[in-house]
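Just so it is clear, none of the values below were taken in a lab; they were calculated from the coordinates. Since the structure is predicted, the reported quantities are computational estimates derived from the model, not experimental observations. Cβ placement follows ideal geometry from the backbone for every residue including glycine, while neighbour counts extend to all protein chains displayed.
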Amino acid sequence: MRKVLGIAGLLITVCLITALASEHFLSPFNIENLLRRTALFGILGIGAAFVIVTGGIDLSIGSMVCLVGCLVPWLLVQQGWPVGAVLPAVLVLSLLLGAAHGWLITRLRLQPFLVTLCGLLLYRGLTRGITGDQTVGFRGGFAGLRWLGQGRIELPGMDGFALPVPVVVLVVVAVLAGVLLDRTVWGRWLQAVGHNESAARASGIRTERVVLGAYALCGGLSGLGGLLFVLDVGSAQPVDFGNFYELYAIAAAVLGGCSLRGGTGSILGVVLGAAVMQVLRNAIVLVEAIPDNVEYAVIGAVLLIGVAADELVRRVVAARRRAKAA
């Protein structure tokens, strides 16, 4: 809870500073845009969190977004598939690919970094081959489907402001993920595996299934994110669609209190972490004193600070425990 309060305080501070530096920050259009982007990246961050809680990592998130984001319009427009077939097909595909990562890691004992790095390269290359490296889009059609990414829900008494539909999707995903992580036996097993996989296995937990499930969830949520991203923007270029999105997802999870050593995580913290990352991106765009080309430098600095803070907190807690034991 302290980590969640800390990231909430950081979010408020960054928002206040940005609001003082730019008069456009609090405009209804900008807030809606910010909420939409936070929701989209928050879904990816929640997927990354499940893997990080096990002590793993998934570097393929951005390429999974690219694969699903390009397949959806390609199948609908160029191949003529019905919507009712495309949506379950791409989501099941992303779940299966995530499960394949988990199988390779648990059964063949490959390193998560290596497996998901290969996925990063494989899925983007596969997407470029399928689409012929051409931009794919909806060509002005499928307005009903695109409402899931672009839609707005008008709120009574708030003229000029509406809630983006992806925010509703994020709330549903976050609530289900929070219940799964904190209120179920599987969630406790997940955290136990992250704390000490050998001890968890010795206590009778089927650690292979737990880890495989975490990677499957990450893959599925990456696919859902890819679907919503392409529905939002309307087209996708396989060369760069989803580039570096795994960094935003991992940064959101780490900032939100997920230890890279595994064992701990907070879904609410991840959502707040995603919001911090998007407010920082927004500040780079709005504040004239900040050059636009430092975006990735800012992300790297924030991630480094988050990892360093996690290490310092761990050391302080360990020192206090030793002092009490003495």
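What value, in deg cm²/dmol to 500, does the helix sum -39500 (n - 2.57) over DSSP H runs of n ≥ 4 give at 222 nm once divided by the residues of the chain? It would help to have the intermediate numbers written out before the result.
Numbers: 13 runs with 236 residues, N = 326.
Counting only the DSSP helices, I get -24500 deg cm²/dmol.
Would you mind giving the three semi-axes, in whole Å and largest first, of the ellipsoid equivalent to the range 179-290 according to its Cα gyration tensor?
Working: eigenvalues 206, 63, 26 Å².
Computed over the range 179-290, the values are 32, 18, 11 Å.
Quick check: Cα centre of the range 12-66 to Cα centre of the range 105-159, how many Å?
Distance between centres, Cα-based: 16 Å.
For all pairs of alpha-carbon atoms in the range 87-130, what percent lies in each bin of width 10 Å, listed from the first bin to the last filled one?
With a bin width of 10 Å, the distribution comes to 27, 49, 24, 1.
Taking the chain as a Gaussian network, Cα atoms linked when under 10 Å apart, which of Val279, Val51, Val254 shows the biggest mean-square fluctuation?
It is Val279.
Assign one of three labels to the chain, namely rounded, prolate or oblate, based on the Cα gyration tensor with a ≥ b ≥ c the square roots of its eigenvalues; rounded applies when a/c is under 1.5, prolate when it is not and a/b is larger than b/c, and oblate otherwise.
On the way: a/c = 1.79, a/b = 1.16, b/c = 1.54.
Oblate, because a/c is 1.5 or more while a/b does not exceed b/c.
Taking every pair of distinct Cα atoms and averaging 1/r, then inverting, what Kirkwood hydrodynamic radius in Å comes out for the range 84-207? Mind showing how you got there, number by number?
Working: mean 1/r = 0.0534 Å⁻¹.
Result for the range 84-207 stands at 18.7 Å.
So how strong a dipole does the chain carry about its Cα centre when Lys and Arg Cβ are +1 and Asp and Glu Cβ are -1, to the nearest 20 debye? All intermediate terms of the calculation are to be shown ahead of the outcome.
On the way: 24 positive and 17 negative charges, 302 e Å.
Approximately 1440 debye in magnitude.
How much of the pair distance distribution for the range 45-119 lies past 22 Å, counting alpha-carbon pairs only, in percent? Please list the in-between numbers first.
Working: 834 of 2775 pairs.
Tail of P(r) above 22 Å: 30 percent of Cα pairs.
What does the charge dipole of the range 84-207 about its Cα centre add up to, to the nearest 20 debye, if the Cβ of each Lys and Arg holds +1 and the Cβ of each Asp and Glu holds -1? Can you show the working numbers first?
Details: 11 positive and 5 negative charges, 91 e Å.
With only Lys, Arg, Asp and Glu charged at Cβ, the dipole is about 440 debye.
List residues of the range 259-301, by number, whose backbone nitrogen lies under 13 Å from a label position 7 Å along Cα→C-beta of Ala199.
Counting only backbone N, you get 263-264.
Could you give the Stokes-Einstein D for the range 136-185 in µm² per second, using the C-alpha Kirkwood radius, 10 °C, 1.306 mPa s?
On the way: Rh = 13.3 Å.
Approximately 120 µm²/s, per Stokes-Einstein.
Determine the distance separating the Cα centre of the range 284-305 from the Cα centre of the range 212-268; give it in Å without decimals.
So the two Cα centres are separated by 20 Å.
Just Glu154, Glu208, Glu32 to compare: in a GNM of the chain, with alpha carbon springs under 10 Å, which one fluctuates most?
Ranking Glu154, Glu208, Glu32 by mean-square fluctuation puts Glu154 first.
How large is the Rg to Rh ratio of the range 17-164 when both quantities use alpha carbon positions and Rh follows Kirkwood?
1.05
Using a Förster distance of 30 Å, how high is the FRET efficiency between Val175 and Leu26, based on the Cβ-Cβ distance and rounded to 0.05? Provide the component values of the computation, followed by the final result.
Working: r = 28 Å, r/R0 = 0.92.
E(calc), rounded to 0.05, equals 0.60.
Taking only the C-alpha atoms, wrap a convex hull around the range 146-237 and report its volume per residue in Å³ as a whole number.
Dividing the Cα hull volume of the range 146-237 by its residue count gives 123 Å³.
Can you classify the range 1-65 as rounded, prolate or oblate using the Cα gyration tensor, where a ≥ b ≥ c are the square roots of its eigenvalues, rounded means a/c under 1.5, and otherwise it's prolate if a/b beats b/c and oblate if not? List each step's numbers first, then the result.
Values: a/c = 3.30, a/b = 1.60, b/c = 2.07.
Cα axes put the range 1-65 in the oblate bin.
Taking +1 at the Cβ of each Lys and Arg and -1 at the Cβ of each Asp and Glu, which of Ala162, Leu181, Gly256 sits farthest along the dipole of the chain towards its positive end, judged by Cα position relative to the Cα centre?
So the residue furthest toward the plus end is Leu181.
Pulled fully out, how much extra length does the chain show between Val316 and Leu260, if you take 0.36 nm times their separation in residues and subtract their Cα-Cα distance? Before the final figure, lay out each step's value.
On the way: separation 56, 0.36 × 56 = 20.16 nm, distance 1.68 nm.
Extra length from Val316 to Leu260 when fully extended: 18.5 nm.
When 1/r is averaged over all different Cα pairs and the result inverted, which Kirkwood radius in Å belongs to the range 225-301?
Values: mean 1/r = 0.0718 Å⁻¹.
After inverting the mean inverse Cα-Cα distance, the result is 13.9 Å.
Could you give the nm distance between label points at Ala323 and Leu155, where each point is 7 Å from its Cα heading toward the beta carbon?
Here the modelled spin labels are 4.4 nm apart.
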